[in-house]
Amino acid sequence: MTASPLNLRPGTGFPDTPLFKGFGAPNRIEADVYELESYGQIPADLNGRYYRAAYDWAFPPMFNDEIPVNGDGMASMFHFQNGHVDFKTRFVRTEKFQLERAARRALFGRYRNVFTADPTVRGRIRSTANTHVVWHGGKLLMLKEDGLPWEIDPVTLETVGTWDFYGAMTSKTCTAHPSFDPDTGEMYLFGYEAKGEATRDIAYYVIDASGHVSHEAWFEAPYAGMMHDFRVSGSLAIFPLSPIVADLDRLKEGADHWRWDDSLPSYVGILPRKGTGDQIQWIETERYSGGHMANSFDEDGVTVVDLCQAKKGVFPFFYPDVQGNMFEPDDLNGRVTRWHIDQSGPQATVKMEQLNDAVCEFPQIDARYEMRPHRHAYFLLMNAGQAGPGMLEVPGDLPVPGGASALAMVPIVNGIGHFDYETREFSVHVLPPGDVAQEVEFVPANPDAPEGVGYLLALVNRTSERHSDLLVFDAQDVSSGPLGGYKLPVRLSTIHGTWVPEHQLAIATRSGAGSQGGN
Ligand code: V55
Ligand code: FE
């Protein structure tokens, strides 16, 4: 017998877990689709670009219990030209992406845990730039709250590089949810864990319309908790803090960045909009877990904040409870809530008012009304059209509550709803069985259209057909269902997005390819 000449090694692949199966199977494709197939009635005169941030998977993860939001940043663009749509996706060439490409494998370990990274990449930038994309100061920025923004080209989606606002952002982190003032053109940002892992430091920045830092403040939070979103009103910056906590010792053990700690209170932090760090006030409130925020504005001497909030763990895919307790399903359900922040007495107070009992998340408004009173908002609803909030069944063999296991509990996101803050009622379109909604985007019919008059763009995953569609609704008549849509030949896992009207894109300087489709 002769020795085999074959030289073999074990194959590599994605874990055999629900996260990477079915519709969640990694795409890993960078797409260029010219003239998307469309159906029904579509906008005839819409010109602009709908950018989205998503997670995808350049490589199988280092740990089998991976969570979705640890995936690599994938930018996507729907380029509308008189209603014709060309589509493009590109991975963000973050430092992580480039180092892993060179190694042909994942190197950075668990979500926001540097101690689980391969020793060869210690100290390198681990941020995935996968959460949100915004257009400001002539730059398109991909955001992830554990690092600085990554700039990408608004035409080609090619990565330009990491962006620190002309050297002025010294925070190690920057939120994925900036606030914008439509009058001044300012962008408001903050970073938490701003001096490194599990630090209580918060850095707050105002960026002027030209993209330069015009104001900065530093202060500390009562504990190192997740602050996924924030809002700014005419007078205040508002920071929601609930006890989804980071712990350095736990990170060093190689465990999760986040856990829910029932022993700690929730707070609302308020800072004058151009205030200094010593002016921060942390108001202890009833227990809540802050989800995505719709808007904030000043009215009748009170600052109103509109958001979705849950009792405990509004983002359940992150964190087992510190004490190892299972969440009650309703603890995780987000509902339309309005805060009333009153500073007229000796002590500032926050009154929290639930406006409707539908289970929902991902609020959006007409962006022209940010920081001023709005009437209309658009949400995704869970288990719409069914009795009760209801969750999927939790398989009995899951090792720990929360974390990756909580994926099995994620409710079905099957409703697209218009919420009227005047009547406090939803009007809802329930998707057909098998369809799952992603965050929607409001697009004004024209720059002068009244609030809420325009289109609602809604990405929907057709799970049985294994592709996504971009549906178009009349934003004033959501419950009548989509007018039409665009069909994608690929699946999209997506988190947040932004509509940028074509006239706002100063793209000629970079590539001159502004009105060319495809390539
Ligand atoms: C969220 C998402 C993130 C993240 C932290 O949805 C919180 C909440 C997409 O990444 O890093
Ligand atoms: Fe978010």
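The values are calculated or read from the model by the stated rules, or taken from the named source; none is laboratory data. Keep in mind the model is a prediction, meaning the values are calculated, not measured. FYI the Cβ positions are ideal-geometry reconstructions off the backbone, even for glycines, and counts take in every protein chain you see.
More than 16 Å from ligand 2 (Cβ to nearest atom) and either part of a strand (DSSP E or B) or buried (at least 23 other Cβ atoms within 10 Å of the Cβ) (or both): which single residue out of 86, 65 fits that description? Step through it out loud before you land on a result.
On the way: 65 fails: either part of a strand (DSSP E or B) or buried (at least 23 other Cβ atoms within 10 Å of the Cβ) (or both).
Answer to the check: 86.
For residues that are among the small types (Gly, Ala, Ser) and buried (at least 19 other Cβ atoms within 10 Å of the Cβ), scanning just the range 107-128, find the one that is farthest from ligand 2 (Cβ to nearest atom). Explain how you work it out, then say what you get.
Kept after step one, since they are among the small types (Gly, Ala, Ser), are these residues of the range 107-128: 109, 117, 123, 127.
Then keep just the ones that are buried (at least 19 other Cβ atoms within 10 Å of the Cβ); that gives 109, 117, 127.
On the way: 109: 22, 117: 24, 127: 15 Å.
Here the residue is 117.
I'm checking my understanding of the structure. Among residues of the range 104-129 that are of a type in the set (Lys, Arg) and touching a residue at least 40 places away in the same chain (Cβ under 8 Å), which one is farthest from ligand 1 (Cβ to nearest atom)? Lay out the reasoning, then the answer.
Taking the range 104-129 as the starting set, the residues that turn out to be of a type in the set (Lys, Arg) are 104-105, 110, 112, 122, 124, 126.
Subsequent filtering for residues that are touching a residue at least 40 places away in the same chain (Cβ under 8 Å) retains 104-105, 110, 112.
Numbers: 104: 25, 105: 22, 110: 12, 112: 7 Å.
Per the criteria, the residue is 104.
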- Determine if the range 130-152 includes at least one residue that is closer than 22 Å to residue 231 by Cβ, within 16 Å of ligand 1 (Cβ to nearest atom) and of a type in the set (Asp, Glu). yes
- Does residue 166 satisfy the criteria of being at positive phi and among the aromatic types (Phe, Trp, Tyr)? yes
- Query: Quick one: which of 497, 454, 485 is out of contact with any Leu (no Cβ under 7 Å at 6 or more places or on another chain), under 25 Å from residue 34 (Cβ atoms) and crowded, with 19+ Cβ neighbours inside 10 Å?
  - Reply: 497
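May I ask you to verify whether residue 269 is more than 16 Å from ligand 1 (Cβ to nearest atom), assigned to a strand (DSSP E or B) and small (Gly, Ala, Ser)? If you could, list the steps in order and put the result at the bottom.
Values: more than 16 Å from ligand 1 (Cβ to nearest atom): yes; assigned to a strand (DSSP E or B): yes; small (Gly, Ala, Ser): yes.
It is true that residue 269 is more than 16 Å from ligand 1 (Cβ to nearest atom), assigned to a strand (DSSP E or B) and small (Gly, Ala, Ser).
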- Is one or more of the residues making up the range 40-61 under 29 Å from residue 256 (Cβ atoms), more than 16 Å from ligand 1 (Cβ to nearest atom), of a type in the set (D, E, K, R) and in a loop (DSSP other than H, G, I, E, B)? no
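What do you reckon, is residue 223 away from ligand 1 (no atom under 16 Å from the Cβ) and modelled with pLDDT of 95 or more? Full working, then the answer.
Numbers: away from ligand 1 (no atom under 16 Å from the Cβ): yes; modelled with pLDDT of 95 or more: yes.
Here the answer is yes, as residue 223 does meet what is asked.
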- Message: List the residue pairs whose Cβ atoms are under 9 Å apart, where the first residue sits in the range 139-159 and is free of Cβ contacts under 8 Å to residues at least 24 places away in the same chain, the second is aromatic (Phe, Trp, Tyr), and the two are 6 or more positions apart or on different chains.
- Response: 141/135; 141/150; 141/163; 151/163
- When residue 310 is evaluated against the numbered criteria (1) modelled with pLDDT under 95; (2) surrounded by fewer than 20 Cβ atoms within 10 Å (Cβ to Cβ); (3) in contact with a helix residue (DSSP H, G or I) (Cβ under 7 Å, 6 or more places away or on another chain), which criterion, by number, is the only one it fails? (2)
- Message: Tell me yes or no: at least one residue of the range 163-179 is in contact (Cβ under 8 Å) with a residue 40 or more places away in the chain, surrounded by fewer than 17 Cβ atoms within 10 Å (Cβ to Cβ), among the β-branched types (Val, Ile, Thr) and more than 16 Å from ligand 1 (Cβ to nearest atom).
- Response: no
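Pick from the range 447-495 the residues that are of a type in the set (Lys, Arg) and assigned to a strand (DSSP E or B): which of them is nearest to residue 47 (Cα to Cα)? Talk me through it step by step, then tell me what you get.
Applying the first criterion (of a type in the set (Lys, Arg)) to the range 447-495 yields 462, 466, 487, 491.
Next, from what is left, pick out any that are assigned to a strand (DSSP E or B): 462, 487.
Working: 462: 26, 487: 18 Å.
Filtering first and then ranking leaves 487.
Per-residue answers, yes or no, for (1) surrounded by fewer than 23 Cβ atoms within 10 Å (Cβ to Cβ); (2) over 23 Å from residue 143 (Cβ atoms); (3) in contact (Cβ under 8 Å) with a residue 24 or more places away in the chain:
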residue: 181; (1), (2), (3): yes, no, yes
residue: 192; (1), (2), (3): no, no, yes
residue: 209; (1), (2), (3): yes, no, yes
residue: 226; (1), (2), (3): no, no, yes
residue: 231; (1), (2), (3): no, no, yes
residue: 237; (1), (2), (3): no, no, yes
residue: 245; (1), (2), (3): yes, no, yes
residue: 261; (1), (2), (3): yes, yes, yes
residue: 285; (1), (2), (3): yes, yes, yes
